[in-house]
Amino acid sequence: MSRKGWCPGALRPMPAGDGLLLRLRPRGSMLSADQLAGLAELAARYGSGAIDLGSRAALQLRGVTTAALPDLHQALADLALLDSDPAAEARRNIITTPLWQAGDATADLITLLEDCLQHAPDLPPKFGFALDTGSAACLQLASADLRIEQSDVGLILRPDGSPMGQIFQPGDLPELLRKLLHWFVKTDCPRMALALRNGHAPPLRQDAPPRPQPAMADLLRASGLLFAPFGAASSQAFRELGGQSLRLTPWRAVRPDSPPPGTRHWLQNPDDARLRVDACPGAPHCSAASVTTRDLAVRLASLVPPGRRLHLSGCAKGCARATPADVTLTGRDGHFDLILQGRAGDAPAQTCLAPHTLAAATGGHFAPPV
Ligand code: SF4
């Protein structure tokens, strides 16, 4: 079971208001057709049927009972969706570009990086890797501590927070990573960018910057993605995409081999107003929440203009969004605090707002100036 401060995994489930939550990190941020079908079946059989899409291309099964856990673990292992032990699972925190193409370096680098991580020192819980080696750069805004990227002159290994990385050949990666990870552990920092801000100098050359990344809005439009509002998908939504493999992304969206012409469960328009809102599961799914969130998020979404963000959080922890939003509504004792240009937990501009007053309280902050 999980304890405070741990990141949940499949082997370290986290108790939530609706049962155990299992976080899965499919290899290569991808599900094969068999894994996709199997996972939809397991979510419905052993859990509530909910499958959350996380911001690190992970999946979460919800509503699992303790009694069902052994059978679920066996079924996940049969689908090659379970690591050998909790430590290996925690270390394998890798986001892989959904823009990889057959024959590029990505598949070999996944295997190489996973092999290297088997011998890595203990890393902080959120320490992660981004493999951004597809047809275009797309993961530069995704949370990661070490980035493997294409530059104009070859592959680079770039610590998060540094504008440049060291050019490397794949055969050099194990030794580079060994030195870098042991150096990082000695900094005693939880994240790479913080280590760099604190003046620690990584043992890497600064040879080249990564490729420039296209504008995010253009990437999302051009990538054939299907979005789950608030990251909330389900076994039915996964079944709708059956018979093909699925790439997982850090944008709470999936990229099927061939997007269906129409869909009942997914949003195909990246400009849908619901995608401007971050909302955690809230009550009754999370025991820390005293308010519902996603029903309110649907109601308030139309107030949020393009380019702006609303964050609805069941409590001050702010699981759904780590960075500031234009407006954040944080639940407390059945009411909401309203924070402007901040994160959940920051000092509120208004407190104790009843749920039925939120449209008026929120809409004013998104209205165009008169
Ligand atoms: S932000 Fe609070 S209420 Fe929402 S999921 Fe996290 S802990 Fe639960």
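Nothing in this text is a laboratory measurement; each read-out follows from the coordinates by a stated rule. Keep in mind that what you see is a predicted model, and the values were worked out from it rather than measured. Note: ideal-geometry Cβ built from the backbone for every residue, glycine included; neighbour counts use all protein chains shown.
Data overview
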read-out: Net length gained if the chain between Thr357 and Ala80 were fully extended (0.36 nm per residue, minus Cα distance); value: 94.9 nm
read-out: Whole-Å distance, taken between Cα centres, linking segment 308-338 and segment 250-289; value: 18 Å
read-out: Kyte-Doolittle mean at least 0.0 and Cα axial length at least 18 Å: DSSP H helices in the chain; value: 33-46, 173-187
read-out: Helical mean residue ellipticity (222 nm; -39500 (n - 2.57) per DSSP H run of 4+; nearest 500) of the chain; value: -7000 deg cm²/dmol
read-out: Karplus 3J(HN,Hα) series, Hz, for segment 293-302 with 6.51 cos²θ - 1.76 cosθ + 1.60 (x for Gly, Pro); value: 10, 6, 5, 5, 4, 5, 5, 8, 4, 5
read-out: Derived scalar couplings ³J(HN,Hα) [segment 147-164; Karplus, 6.51 cos²θ - 1.76 cosθ + 1.60; whole Hz; x for Gly, Pro]; value: 10, 9, 9, 8, 10, 5, 10, x, 6, 10, 10, 10, x, 4, x, 9, x, 10
read-out: DSSP bridge orientation in segment 99-197 - percent antiparallel, rounded to nearest 5; value: 65 percent
read-out: Full-extension gain in nm, Asp115 to Asn269, via 0.36 nm per residue minus C-alpha separation; value: 51.6 nm
read-out: Highest-first arrangement of 184-196, 39-51, where packing means the average Cβ count within 10 Å; value: 39-51, 184-196
read-out: Cα-based shape type of segment 273-366, given that a ≥ b ≥ c are square roots of the gyration tensor eigenvalues and the cut on a/c is 1.5; value: rounded
read-out: Peptide ranges 59-65, 357-363 listed from the most packed, as the mean C-beta count within 10 angstrom indicates; value: 59-65, 357-363
read-out: Segments 124-137, 213-226 sorted - mean Cβ within 10 Å per residue, highest first; value: 124-137, 213-226
read-out: Distance (nanometres) between label positions extended 7 Å along Cα→Cβ at Ser302 and Ala102; value: 4.6 nm
read-out: Using θ = phi - 60° and Karplus 6.51 cos²θ - 1.76 cosθ + 1.60, couplings along segment 329-345 (whole Hz; Gly, Pro as x); value: 10, 10, x, 7, 6, x, 10, 10, 9, 10, 10, 9, 6, x, 9, 4, x
read-out: Bridge type composition, the chain - antiparallel percent by DSSP, nearest 5; value: 75 percent
read-out: Shape category assigned to segment 95-165 from the gyration tensor of Cα positions, a/c cut at 1.5; value: oblate
read-out: Distance-filtered residues of segment 296-320 - backbone nitrogen under 20 Å, label point 7 angstrom along Ala367 Cα→Cβ; value: 299-311
